[in-house]
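Okay, structure first, notes after.
Rule-based calculations on the coordinates, nothing more; no lab input. The structure presented is a predicted model; accordingly, all values stated were derived computationally and were not measured. Cβ sites come from the backbone with ideal geometry, for glycine too, and all protein chains shown count toward neighbours.
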Amino acid sequence: MSNKNPIETLYDRLTTTFENVNEQSKKRLEQYDASQLSRRIRIDTGSFSGPSSDHNSKEIVLNQRFLTLIWCITYIIYEVTANKTKTAKQVTANYMEIDGQDPEVKQMDWLFDWAFKLKTGGDEQWPDGLPNPATTTETVRIVNVIFIDAITYIMYHEVAHLVNNHWNSFKEIAQKKFLGFDLTEDEIILSKQLEQEADTFAYESLISQDDSDEVRYHKLFGMIMAGLSTLFAHPKGSKLNDEIHPGSHIRIFNTRLRENFDEGNQFRLNRAMNTGLSMFCKLHEIKIEQKKFAEFTELLDYLFELIQAHADEKLKC
Ligand SMILES: [Zn+2]
């Protein structure tokens, strides 16, 4: 058996997808490539960190532990949403409990614990017997596609920082923040605007006018999963609402509002959001009341408010 980390089996597909999203994005990359973007992706195998762009080398930097965590969270949210809700106990109209004795659920608990520890230096060796990107099951095949869409979105967000000269506007703010100085109101607004601009750029790079409803749905699903799994990647001690970034929960809901789908796809997206946000609340001991909601969107708004109420607190894990 090779010692290759299973996540590495996706790197070629990741690069190919990133470079071939559609004709318009390809042209964008070619233009930038000629001027300022090297179009190189650097995989960082060091300790856990979020995605970033290197403004000197013009590389997109993706941390292997981050990618692994994102894959695992995507797997769990997808599997719970698509399959485990069928056998869940319906407590109220909007609230169900997953069967904790189900061997596959136990396996997902284990997968979560292992992946979550990667943030703080846990062993990177993928435990035997747990689902991984190189496993040949139908669920893994689907999860790999969602994961690649999610990371492609994250990569185009970084492309935006590289090609739109964000660093010029941002470097003084970053320096001030690094040295521990307070930022002015204008600096806070500017840095959040740059982040939102990068999200919009990434969305516009991935979805084109000619895409069918089904393609748009799949791409948006990937973007939502990028946001949901990123919630879990926030470092311990950080806040969801920091001074520089709009909170991940805010970005997920902004993404959600970009498209409308038919009832079935809308329902599947909402259900995935419900799973991811509820998991986040459970992890951070944010109590979800078993209220009744007439509409799915009311339940999601309720979860948003719950998380928003804790977004200025330091995360405990
Ligand atoms: Zn950014």
- Derived scalar couplings ³J(HN,Hα) [the range 218-230; Karplus, 6.51 cos²θ - 1.76 cosθ + 1.60; whole Hz; x for Gly, Pro]: 5, 5, 5, 4, x, 5, 5, 5, 4, x, 5, 6, 5
- Message: Quick check: pseudo-label points 7 Å beyond the Cα along Cα→Cβ at Thr9 and Phe293, how many nm apart are they?
- Response: 3.6
- Query: Between Asp44 and residues 5 or more places away or on another chain, which pairs have amide H atoms under 5 Å apart, with H built 1.01 Å from N, and which residues are they?
  - Reply: Leu62, Asn63, Gln64
- Query: Cβ under 10 Å from Gly122's Cβ, Gly122 left aside: what net charge do those residues give with Lys, Arg +1 and Asp, Glu -1?
  - Reply: 0
- For the chain, modelled as a GNM with alpha-carbon contacts under 10 angstrom, which of Lys236, Lys287, Lys26 fluctuates the most? Lys287
- Task: For the chain, find the longest principal axis of its Cα atoms and tell me its angle to the long axis of helix 103-117, 0 to 90°, nearest 10.
- Result: 30
- Can you pick out the pairs among Lys117/Lys282; Lys84/Lys291; Lys89/Lys117; Lys4/Lys282; Lys192/Lys282; Lys106/Lys282 whose Cα atoms lie more than 24 Å from each other? Lys89/Lys117; Lys4/Lys282; Lys192/Lys282
- Net charge of neighbours whose Cβ lies under 15 Å from the Cβ of Gly100, counting Lys and Arg as +1 and Asp and Glu as -1: -3
- Message: From the gyration tensor of the Cα coordinates in the range 231-317, what semi-axes in whole Å does the equivalent ellipsoid have, largest first, with each one equal to sqrt(5λ)?
- Response: 23, 16, 10
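Defining a contact as two alpha carbons under 8 Å apart and six or more residues distant in sequence, what relative contact order in percent does the range 166-289 show? Can you show the working numbers first?
Numbers: 62 pairs, mean separation 29.5, N = 124.
Relative contact order for the range 166-289 comes out at 24 percent.
Compute the signed sum of charges (Lys and Arg +1, Asp and Glu -1) over the other residues within less than 13 Å, Cβ to Cβ, of Cys317. Don't jump to the answer; show the numbers that get you there.
Numbers: positive: Lys117, Lys119, Lys236, Lys282, Lys314, Lys316; negative: Asp113, Glu285, Glu313.
Charge balance near Cys317 sits at +3.
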- Task: Calculate how steeply helix 263-283 sits against the longest principal axis of the alpha-carbon atoms of the chain, using the helix alpha-carbon long axis, and give the answer as 0 to 90 degrees to the nearest 10.
- Result: 90
- Task: Give the residue from Phe253, Ala115, Val143 lying farthest towards the positive end of the charge dipole for the chain; charges sit on Cβ (+1 for Lys and Arg, -1 for Asp and Glu) and the dipole is referred to the Cα centre.
- Result: Ala115
- May I ask what percent, to the nearest 5, of DSSP beta bridges between residues of the chain are antiparallel? 60
- Task: Give me the distance in nm between label points sitting 7 Å out from Cα along the Cα-to-Cβ direction at Gln266 and Lys27, one decimal.
- Result: 3.3
- Query: So how tilted is helix 166-178 from the main axis of the chain? Cα-based, degrees 0 to 90, rounded to 10.
  - Reply: 70
- Query: Mean separation of Cα pairs under 8 Å and 6+ residues apart, divided by the residue count of the chain: what relative contact order is that in percent?
  - Reply: 20
- For the range 6-309, the spread of Cα positions along each principal axis, largest first, Å: 55, 44, 43
- Note on the structure: Taking only the alpha-carbon positions of the range 165-317 as identical scatterers, the Debye log10 I(q)/I(0) at q = 0.14 Å⁻¹ comes out as -0.79
